[in-house]
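The values are calculated or read from the model by the stated rules, or taken from the named source; none is laboratory data. Here the structure is a predicted model, which means the values were calculated and not measured. Note: ideal-geometry Cβ built from the backbone for every residue, glycine included; neighbour counts use all protein chains shown.
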Amino acid sequence: MRNSYLTHTKKFALLSREFDDIYGDYLSFSQKIGVGKSTVHNWARGEGNNINIKSRIKIQNIFDIEYTIWIDDFYNEKNFINSISSYKKEKGIREDDRKELDKNMLGLLNSTVLDESELLNHLKDEKKIFLKDIELRDKTSQFIFNLAKLLKSKGQIKKALNILKTLQCRDDAFVYKYHNNIEHLKAILYSHDKIKEWDKAINTLRVLYSASNYYHQEVEIITLMASNYKRKALYNSKKELQYSKDIDTEMLGCAFSLYKDAYKLKDKSKRYYDAVNIAYLYKIIDSIEPKHSSSKDIQELYKEFAKECSIDEKNWWEVSSNAEFLMLLGKIDLAISKINDFLDFTNSNLKFEIETTLRQLDIYLHFIDDKGAKRFRDYLKESWKGIR
């Protein structure tokens, strides 16, 4: 008869024994995660009710392990512990190597587009984009890569993806040397709302995460993986938002964990995106598991965010993230005033930025009946109509 998988409680029992210096005792550990001491005592013996998503996330953070240990299936204790040891060892290597940058690759990914006038001429005649054998066969691979980047920036996502696939059919030094950069851009395109190929994006990102000479993009990869896991959890196979009862909580936990990892790794001034996504997921997880409220966690996260991040009042993403945080804390009037102050003094074309924020708010309101958030969303929508 085949052995059964280790349950969450069995895994916790192993963690408490293997890392007893971190665990301490069930009394102190119960205080750390906000769960009853008798419950933790039972978990440490591998007994009791299965561990919910909120507690698993807190346990993961305390023991500094990968969230997938809760998702992956293990038949025996040895494989489980070996998996954790391997993860911790690899994480240590990444910590040492993260600052080792490949300047040429990093420069290419962030470079200005070469021959921009020629690229723009291609965009004017859309048919040329698909005449790849005729129009692009005499172009360099770097030109084609830059063309894909420009198409992406113009919102022509499917065309950009087609161009990259054309590029990868080439057999030349550029394609081999910048393979990871090309795959990274492909993952970004797969993740886009016009494509929604989340599984392909995740698979590509997993390979990139362990790729050599690509440590300098690790944080961006983690954040992008988090957003794809979040979408997979919240949407069904038809790419429509789920009902709360149908949300894949394991997938949602994985997204939450990855946003947390990215938040820790990023420069303090760049944490706003991950911070506000963590706050949104706290709220959505509360709607699924309402027993232990996360309101204090959101408050603590915002205190840390506000202390460490000096908001650039001219940057939509930073201003809107701050306003969304305030909204989630119930400070609706203050959130609206932050948006109002920004819109009063901007002349920028913010179509993409505001539509992205509205989409985030619509997703949140699909799962949470939050009248204050609805007022905030409606205000932003009406204000946006007034300045278009």
For this session: Confirm whether TYR282 is over 27 Å from LEU252 (Cα atoms) and either in contact with a Leu (Cβ under 7 Å, 6 or more places away or on another chain) or part of a helix (DSSP H, G or I) (or both).
Result: no
Exercise. Do any residues in the stretch 335-363 that are over 19 Å from HIS192 (Cβ atoms) and in the same structural domain as VAL276 (by TED's automatic domain parsing) have Cβ atoms under 9 Å from those of residues that are among the β-branched types (Val, Ile, Thr) and assigned to a loop (DSSP other than H, G, I, E, B), where the two are at least six apart or on different chains, and which pairs are they?
Worked result: LYS338/ILE311
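For the stretch 274-309, name all the residues that are of a type in the set (Ser, Thr, Tyr) and surrounded by fewer than 18 Cβ atoms within 10 Å (Cβ to Cβ). Don't jump to the end; show me each part of the working.
Start the filter on the stretch 274-309 by keeping residues that are of a type in the set (Ser, Thr, Tyr), which leaves 280, 282, 287, 293-295, 302.
The answer is SER287, SER293, SER295.
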For this session: Could you list all residues from the stretch 32-70 that are of a type in the set (D, E, K, R), more than 17 Å from ILE278 (Cα to Cα) and not in a helix (DSSP H, G or I)?
Result: ARG45, GLU47, ASP64
Exercise. Restricting the search to the stretch 50-69, which residues are at pLDDT below 85 and either surrounded by fewer than 12 Cβ atoms within 10 Å (Cβ to Cβ) or in contact with a Gly (Cβ under 7 Å, 6 or more places away or on another chain) (or both)?
Worked result: ASN50, TYR67
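Test LYS264 against the stated conditions and say whether it is among the basic types (Lys, Arg) and at pLDDT 90 or above. Steps first, please.
Values: among the basic types (Lys, Arg): yes; at pLDDT 90 or above: no.
Here the answer is no, as LYS264 does not meet what is asked.
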For this session: Scan LEU258, LEU241, LEU252 and give me the residue that is touching a strand residue (DSSP E or B) at 6+ places or on another chain (Cβ under 7 Å) and in contact (Cβ under 8 Å) with a residue 60 or more places away in the chain.
Result: LEU241
Problem set entry | Those residues of the stretch 280-294 which are in contact with a Lys or Arg (Cβ under 8 Å, 6 or more places away or on another chain) and closer than 14 Å to ILE33 by Cβ, in sequence order | GLU289, HIS292, SER294
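Which of the following residues is modelled with pLDDT of 90 or more, surrounded by 18 or more Cβ atoms within 10 Å (Cβ to Cβ), in contact with a Leu (Cβ under 8 Å, 6 or more places away or on another chain) and of a type outside the set (Gly, Ala, Ser): ILE202, ILE188?
ILE188
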Exercise. Across the stretch 332-359, what is the total count of residues that are buried (at least 17 other Cβ atoms within 10 Å of the Cβ) and either basic (Lys, Arg) or touching a Pro at 6+ places or on another chain (Cβ under 9 Å) (or both)?
Worked result: 1
For this session: Look through ASP362, ASP370 and report the one residue that is surrounded by fewer than 14 Cβ atoms within 10 Å (Cβ to Cβ) and among the acidic types (Asp, Glu).
Result: ASP362
Exercise. Quick check: anything in the stretch 205-212 closer than 18 Å to THR356 by Cβ, of a type outside the set (A, V, I, L, M) and not in a loop (DSSP other than H, G, I, E, B)?
Worked result: no
